[in-house]
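Notes follow the structure.
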Amino acid sequence: MKLIDGKKISEEIKKEIAIKTSAIIDAGGDPPHLAAILVGEDPASQTYIASKERACRAVGITSSIYRYPADISEEQLLEAVDFLNNDEEINGFIVQLPLPAHIDADKVLQRINPAKDVDGFHPINMGRLALGLPSYLPATPAGIMLMLEKEGIETEGKHCVVLGRSNIVGTPISLLMSRKSNPGNSTVTLCHSKTRNLSSITAQADILIAAIGQPGFVKADMVKEGAVVIDVGIHRIDDSSEKGYHITGDVDFNSVAPKCSYITPVPGGVGLMTIVSLLLNTFKAYNGEIYPR
Ligand code: NAP
């Protein structure tokens, strides 16, 4: 079994980004600028935003956070999105999810200028993804594809089973894995809560991608000998350790790892790649690679 080291891969990519940013600054240019809108005080969102800000700082990308109280009205939030859409100094921005219940998240995401939608959640970017056209890929699926590529994992003709059909992970990764590309060219089965005989399907997977949101859900008897297992889940579990908690994934790592050819750890796997993908999308926005400026 080989552990796919998300830390090592992401650090290498971050170094490459830092070199490009330094070159821009040395040539007298302004570095790329990523902004984030954060509504309310959700602790997980605060943690994500803080780690995105740290990652930007580490590679020389400018980052700004626009914080709003949880009781901001939908109209005010849409105005905040318009402000960033029109700010020429900002190349790309994200709206951190989840949003408070009184705000229609779809409406907010659809208000983002697709050219600045570095999270890739706008219907235009999702539609382009589905058609195989250049687009900002949602960061987590893009990070998984990068991991497979960097590890040199063969995906062509393989049976890839995706657990979960969310718009941010399951659905886009299933599209990417079935694309005519490398990585890609897999035969994909997408499973969800209404899937029957789930274990018999996951047990056929050459590549199993778990994005189900249930800690330790994937057990050894659900996995084929020699499978590649990508664990997208992130769960904070309270315990009696000094820290008071530990982070775990959707896969029961200890029982599953011995059966795998490759597996991603949690933490230290997909999560780190997600942030790097966001930085890469910001660079694409800066260079006008998807939507020429
Ligand atoms: P989500 O929106 O909650 O979707 C979960 C999916 O799993 C749904 O499609 C659901 O089916 C399916 N599901 C739930 N229970 C199931 C069961 N017992 N059997 C079969 N399918 C089941 O999740 P998400 O946003 O994609 O996130 C998934 C996990 O990834 C979470 O732990 C999240 O924290 C983590 N995550 C990590 C990163 C990262 O950077 N590493 C990024 C995003 C998310 P239905 O559609 O039928 O309800």
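The gain in end-to-end length when the ASN167 to ARG236 segment is fully stretched comes to 22.6 nm, 0.36 nm per residue minus the alpha carbon separation. Specify which residue in the list ILE9, ILE19, THR47 is farthest towards the positive end of the charge dipole of the stretch 1-98, using unit charges on the beta carbon of Lys, Arg (+1) and Asp, Glu (-1), about the Cα centre. Of the listed residues, the answer is ILE9. For the stretch 61-129, the relative contact order works out to 31 percent when only alpha carbon pairs closer than 8 Å and six or more residues apart are counted. Across the options SER135, PHE121, CYS160, the greatest Cα extent toward the positive end of the charge dipole of the chain (unit charges at beta carbon of Lys, Arg, Asp, Glu) belongs to CYS160.
Kirkwood analysis of the Cα pair distances in the chain returns a hydrodynamic radius of 19.8 Å. Computed over all pairs of different Cα atoms, the Kirkwood value for the hydrodynamic radius of the stretch 139-272 is 14.7 Å. Using only side-chain charges placed at the Cβ, +1 for Lys and Arg and -1 for Asp and Glu, the dipole size of the stretch 139-272 relative to its Cα centre rounds to 460 debye. Using a cut-off of 27 Å between Cα atoms, the listed pairs LYS8/LYS194; LYS14/LYS259; LYS52/LYS150 include LYS8/LYS194; LYS14/LYS259 as exceeding that distance. A simple charge model with +1 on the Cβ of Lys and Arg, -1 on the Cβ of Asp and Glu and nothing else charged puts the dipole of the stretch 28-113 at about 440 debye relative to its Cα centre.
A Förster radius of 25 Å combined with the Cβ-Cβ distance from ARG293 to LEU78 puts the calculated FRET efficiency at roughly 0.60. Under the simplified labelling scheme, the THR195-SER51 pair shows an inter-label distance of 2.4 nm, with each label point 7 Å from Cα along Cα→Cβ. Of all beta bridges that DSSP places with both ends in the chain, some 10 percent have antiparallel geometry.
The residue list ILE90, GLN76, ILE61 was ranked by how far each Cα lies along the charge dipole of the stretch 60-122 toward its positive end, using unit charges on Cβ atoms, and ILE61 comes out on top.
Model label points for LEU97 and GLN214, set 7 angstrom from Cα along the Cα-to-Cβ axis, are 2.1 nm apart.
Throughout, read-outs are computed from the coordinates displayed, never taken from laboratory work. Fair warning: this is a prediction, and the values are worked out from it, not measured in the lab. Ideal geometry is used to build each Cβ from the backbone, glycine not excepted, and the neighbour counts take in all protein chains shown.
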